């Protein structure tokens with residue numbers, strides 16, 4: 001049994017930036033030389049998410065509209081009241097309660113099967129990172145486990 005890890009880093013363009021990382025994960029699996037097992041992908045943030053779906057421009061627009069309705073920016077979020085909030089504060093704290101509320105409806109991890117050195121994805125499935133906040137540096141941890 002082997003375990004292989006990698007962290008990929010990138011900067012998002014801003015709210016609702018959908019980044020296709022499928023090819024990066026495929027290359028990681030090739031690099032790992034693991035033929036049969038699993039690959040786990042985890043985004044290391046609370047205001048971004050991971051989805052496995054079709055990377056089709058009109059569908060992405062539908063996703064964006066759905067996410068806007070899920071946690072509208074114009075609502076009041078207690079997380080954003082920095083006069084009351086006492087934990088997880090840093091200088092220049094952003095007002096992003098709606099971003100976190102969108103994220104709870106999406107994934108932070110996905111585990112995919114590896115068979116004969118290939119990730120098992122459906123015909124149209126892609127691995128996408130979704131930015132739910134402003135432009136930020138993001139990290140994704142990838143781990144393959146198998147033989």
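Of the numbered conditions (1) touching a helix residue (DSSP H, G or I) at 6+ places or on another chain (Cβ under 9 Å); (2) surrounded by fewer than 13 Cβ atoms within 10 Å (Cβ to Cβ); (3) part of a strand (DSSP E or B), residue 76 satisfies every one except a single condition; which is it? Only one criterion in (1) touching a helix residue (DSSP H, G or I) at 6+ places or on another chain (Cβ under 9 Å); (2) surrounded by fewer than 13 Cβ atoms within 10 Å (Cβ to Cβ); (3) part of a strand (DSSP E or B) is unmet by residue 76, namely (3). Just one residue in the set 61, 54, 31, 65 is at negative phi, touching a residue at least 24 places away in the same chain (Cβ under 8 Å) and under 20 Å from the mean Cα position of the chain (by Cα); that residue is 54. Determine whether the stretch 124-133 contains at least one residue that is in a helix (DSSP H, G or I), more than 30 Å from residue 35 (Cα to Cα) and touching a helix residue (DSSP H, G or I) at 6+ places or on another chain (Cβ under 9 Å). Scanning the stretch 124-133 turns up no residue that is in a helix (DSSP H, G or I), more than 30 Å from residue 35 (Cα to Cα) and touching a helix residue (DSSP H, G or I) at 6+ places or on another chain (Cβ under 9 Å). Of the residues in the stretch 73-88, not one is at pLDDT 95 or above, closer than 30 Å to residue 31 by Cβ and more than 15 Å from the chain's Cα centre (by Cα).
Per-residue answers, yes or no, for (1) within 14 Å of residue 45 (Cα to Cα); (2) modelled with pLDDT under 95; (3) surrounded by 14 or more Cβ atoms within 10 Å (Cβ to Cβ); (4) over 13 Å from the mean Cα position of the chain (by Cα):
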| position | (1), (2), (3), (4) |
| --- | --- |
| 100 | yes, no, yes, no |
| 104 | yes, no, no, no |
| 107 | yes, no, yes, no |
| 112 | no, no, yes, yes |
| 122 | no, no, no, yes |
| 126 | no, no, yes, no |
| 145 | no, no, yes, yes |
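Of the listed requirements (1) surrounded by fewer than 16 Cβ atoms within 10 Å (Cβ to Cβ); (2) part of a strand (DSSP E or B); (3) more than 14 Å from the chain's Cα centre (by Cα), residue 40 misses just one: (3). Of all residues assigned to the stretch 3-11, none qualifies as being within 21 Å of residue 104 (Cα to Cα) and either exposed (fewer than 15 other Cβ atoms within 10 Å of the Cβ) or in contact with a strand residue (DSSP E or B) (Cβ under 7 Å, 6 or more places away or on another chain) (or both). Listed by first and then second residue, the pairs with beta-carbon distance under 8 Å, at least 6 apart or on different chains, first residue in the stretch 34-45 and in contact (Cβ under 8 Å) with a residue 60 or more places away in the chain and on the phi > 0 side of the Ramachandran plot, second in a strand (DSSP E or B) and buried (at least 21 other Cβ atoms within 10 Å of the Cβ), are 37/144.
The values are calculated or read from the model by the stated rules, or taken from the named source; none is laboratory data. It should be emphasised that the depicted structure is a prediction, and the values quoted were computed from it without experimental measurement. We place every Cβ from the backbone using ideal geometry, glycine too, and count neighbours over all the protein chains shown.
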